[in-house]
Every structure is written in C-alpha cells, then in structure tokens.
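Reading through the structure tokens given below for one structure.
The values are calculated or read from the model by the stated rules, or taken from the named source; none is laboratory data. What you see is a predicted model, and the numbers here were worked out from it, not measured in a lab. Using ideal geometry, Cβ is built from the backbone for each residue, glycine included, and neighbour counts are taken over all protein chains shown. What goes into the accessible areas is simple: the full protein's heavy atoms, side chains included, and nothing from ligands, DNA or RNA. Shrake-Rupley method; radii C 1.70, N 1.55, O 1.52, S 1.80 Å.
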Amino acid sequence: MARKYRPTPRTPVAPPAAPLPAEILRGPADFAARLAATEPRTARYALIALLSSLLSGVAYALLVRQAVNLAASLTENGPPAFLAHVTNVFGGVFLGVCSFLLMWGVAHLVARREGRAAEVYGATFSVYPPLYLLVAVLALLLPAALPEQTTGSAREVERAALRAAAYTPAATLLFAVTFLGPLVQGALAYPAFLRLTGDRGRALAASTLPLLPALLLGVVGIAALLFNR
C-alpha cells in the first residue's frame, strides 16, 4: 500500500532585523535600504531621540548650575536651587522632543509614508548623545570662573554668572552642537530619504525644511547663555 505524501512543514522565515539607529552615521543609504525591508514602526527610534533630549537638558543644567546656585543663595523665600536644576533638565527634554516631533511631522508631509520620516529622523538623533556627554564632562571638569559681580540683586549676579559660563569650553561646544547638529541631521537624512522615496525633490525637501524650525528650538534652549555672551 502506497504511503500518502505528507508535505514537510515550512519553517517560518524570521523578519529582517531593523538596523541600529547609530548605523545611519556610517551609511545613510545602506541604513535606509535595510530599514525599507522591515515593517514600519513610528516609535522604533523614538528612544534615542528621548535620550538625546535628556542629555541635552543635563548638559545645559550642569553648565548653568553656578548661576542658578548663586541666584538662589541671594533670593529670600524663593524656590530652591534644586527645583531650578530640575526645570532646566526638563526644559531640555521638552525642547528636544518637540524638535523630533517637528522634524518628523514636516518631513512626513513631503516624503509621505514611504519616507519613514519618524524612523529616519529618530535615527539621526544618534549624533547627539556622545556630544552632550562631552559637554557635561567639560562642564564638570572645567567649571566657569567666578563672575565679576557677586553682590547686588539676584538677577544681576545670575546674569554675571551666566556670562562667565558662556565663555567656557563646554558652552562653546554646546553652541556648536546646537547650530551644526540640525545640519548634520539633514545631511544624514537626505541619502536615506532618497533611497526610500526615489525622488530627489522630496528627499531634498524632507531633509531641509525641518532644519530651520529645529534650529530655532535649539536657540531657545540655550538663549540664557547665548544672549549673555
């Protein structure tokens, strides 16, 4: 009696793994090619954008800590310095998250769904964590000199301390990261959008239109240092 043929069950093929966000720094086009083979996930690289935002707030808070402490010591019945430090950290987080959402939203309007704007711009935030960590280390190792004015109103002393902090190496690096960071993100995003959309015009628009609003948010974040320099 002939045996009945039983087809061998097929082993399910595992879906391709998404590239790590930092891989966009080595090759944006290759990163996009690997990303295109995966299922779209809007929040895939949101964590790296959140980490970058947190580190930006920490770096800024460390830079201005002396000014905050001096102002708090001269203010009677005012909020404690710790609360101001926490506010500075969360201010950086808020502005960083807003920057990510803004870049994603603007790019999505022009690159459309196949552009995977949330994932592309989320991955570009990989450029920031080591730079913000370096700013934080410099702020800790090379603190600002004492301000020229240490008496008077709390506001005057705070401005003098901010002026002293604004000329430190850490502040100079923070200014460079703030102004050049969005340009680097755009340069990384363009090849990725070009590979994903196949359209130079859409890729160019998606990688340039979000830059100015993101830069303005960055300036807001460092305004206290920038305008006291």
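Summary of values
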quantity: Enumeration of residues in the range 60-87 that are open to solvent by less than 30 Å² (accessible area, probe 1.4 Å) and outside any helix (DSSP H, G or I); calculated: Val64
quantity: Any chance Leu51 is surrounded by 16 or more Cβ atoms within 10 Å (Cβ to Cβ), modelled with pLDDT of 95 or more, touching a Lys or Arg at 6+ places or on another chain (Cβ under 8 Å) and not hydroxyl-bearing (Ser, Thr, Tyr); calculated: no
quantity: Residues of the range 159-182 satisfying the condition of being over 18 Å from Leu141 (Cα atoms) and of a type in the set (Ser, Thr, Tyr); calculated: Thr178
quantity: Residue in the range 180-190 that is hydrophobic (A, V, I, L, M, F, W, C) and not in a helix (DSSP H, G or I) present; calculated: no
quantity: Every pair of residues 6+ apart whose Cβ atoms lie under 9 Å, when the first sits in the range 32-46 and is open to solvent by less than 70 Å² (accessible area, probe 1.4 Å) while the second is among the aliphatic types (A, V, I, L, M) and assigned to a loop (DSSP other than H, G, I, E, B); calculated: Leu35/Ala18; Ala37/Ala18; Thr38/Ala17; Thr38/Ala18; Arg44/Ala18; Tyr45/Ala18
quantity: Residues of the range 170-207 that turn out to be open to solvent by 10 Å² or more (accessible area, probe 1.4 Å) and over 22 Å from Gly96 (Cα atoms), as a count; calculated: 11
quantity: Options Phe90, Phe94, Phe100; residue that is of a type in the set (A, V, I, L, M, F, W, C), open to solvent by less than 30 Å² (accessible area, probe 1.4 Å) and within 20 Å of the chain's Cα centre (by Cα); calculated: Phe100
quantity: In the range 208-228, residue least open to solvent (accessible area, probe 1.4 Å) [restricted to those that are of a type outside the set (A, V, I, L, M) and either part of a helix (DSSP H, G or I) or touching a helix residue (DSSP H, G or I) at 6+ places or on another chain (Cβ under 7 Å) (or both)]; calculated: Pro210
quantity: Residue satisfying condition, being open to solvent by 80 Å² or more (accessible area, probe 1.4 Å), within 30 Å of Arg202 (Cα to Cα), in contact (Cβ under 8 Å) with a residue 12 or more places away in the chain and out of contact with any Ser or Thr (no Cβ under 9 Å at 6 or more places or on another chain), within set Arg113, Arg163; calculated: Arg113
quantity: Any hit, the range 152-160, residues being surrounded by fewer than 20 Cβ atoms within 10 Å (Cβ to Cβ) and among the acidic types (Asp, Glu); calculated: yes
quantity: The range 63-110, residues that are β-branched (Val, Ile, Thr) and touching a residue at least 40 places away in the same chain (Cβ under 8 Å); calculated: Val64, Val68, Thr75, Val93, Val97, Val106, Val110
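Each row is one residue, and each column tells you yes or no for (1) within 28 Å of Tyr167 (Cβ to Cβ); (2) at pLDDT below 95; (3) not basic (Lys, Arg).
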site: Ala72; (1), (2), (3): yes, yes, yes
site: Glu76; (1), (2), (3): no, yes, yes
site: Val106; (1), (2), (3): no, no, yes
site: Ala117; (1), (2), (3): no, no, yes
